Amino acid sequence: MMQKRSLEMNPIEKQAEIMTELAQLMLDQVEGPYEFITCEYEYVERYSTVSSSLSVIQHGTQKYPDTAAGYAIDNAELCTKLRGLMKCHTGGEWTSFTLSLDAGGKAKTKFYYY
């Protein structure tokens, strides 16, 4: 059923769905309350993949949590898919982006291009 829904979505909805999945991956790595969770993603052109760095601010202290097995692979796959969708939709190719979530779950993104 999910596959059929994906085929019916417009490009913006598909991109938003991937961003939601990325946010959920971030949330799954953090235990307890937090002020901010941030993940920085960088496209590694040489290998056609994406690397990521996750940090969390808890009780005013920035930490770099251990991530679950498969986290990096899931991130890379979703980001590569997102980059392809965005390129098809806008023609732009981001080199990196940051996704941040505040304590209320509100997301903020910043994309960087060539």
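Things worth noting here:
- Pairwise label distance in nanometres, M19 with T80, each label 7 Å out on the Cα-Cβ vector: 2.3
- Positive-end extreme of charge dipole, segment 1-89 - chosen from Y34, Q24, I57 (charges on Cβ): Q24
- Against the main long axis of the alpha-carbon atoms of the chain, helix 11-28 sits at an angle near 20°.
- Highest average packing first - 28-37, 92-101, Cβ atoms within 10 Å: 92-101, 28-37
- FRET efficiency estimate (nearest 0.05) - Cβ-Cβ, F111 to H59, R0 35 angstrom: 0.70
- For segment 1-72: accessible area per residue (Å², 1.4 Å): 68
- Calculated over segment 26-71: convex hull of Cα atoms, volume per residue (Å³): 74
- Label-to-label distance, nm, for residues given as Y47 and E35 (7 Å Cα→Cβ offset): 3.3
- The helix-only estimate of mean residue ellipticity at 222 nm for the chain, built from DSSP H runs of length n ≥ 4 each weighted as -39500 (n - 2.57), is -13000 deg cm²/dmol after division by the residue total.
- Solvent exposure, largest accessible area first (probe 1.4 Å, DNA, RNA and ligands not counted), of R83, R46: R46, R83
- The chain: angle of helix 71-90 to the longest principal axis, Cα-based, in degrees nearest 10: 40
- Carbon plus sulfur fraction of accessible area for segment 33-99, probe 1.4 Å, in percent: 52
- Histogram of C-alpha separations across the chain, 5 Å bin width, %: 2, 11, 22, 23, 19, 14, 7, 2, 0
- Charges were assigned to the Cβ only: +1 to each Lys and Arg, -1 to each Asp and Glu. The resulting dipole of the chain about its Cα centre is roughly 320 debye.
The values are calculated or read from the model by the stated rules, or taken from the named source; none is laboratory data. Because the structure is predicted, anything quoted here is derived from the model rather than measured. Here the Cβ is made from the backbone with ideal geometry for all residues, glycine too, and neighbour counts use every protein chain on show. Surface accessibility is based on the protein's heavy atoms, side chains included, excluding ligands, DNA and RNA. Shrake-Rupley method; radii C 1.70, N 1.55, O 1.52, S 1.80 Å.
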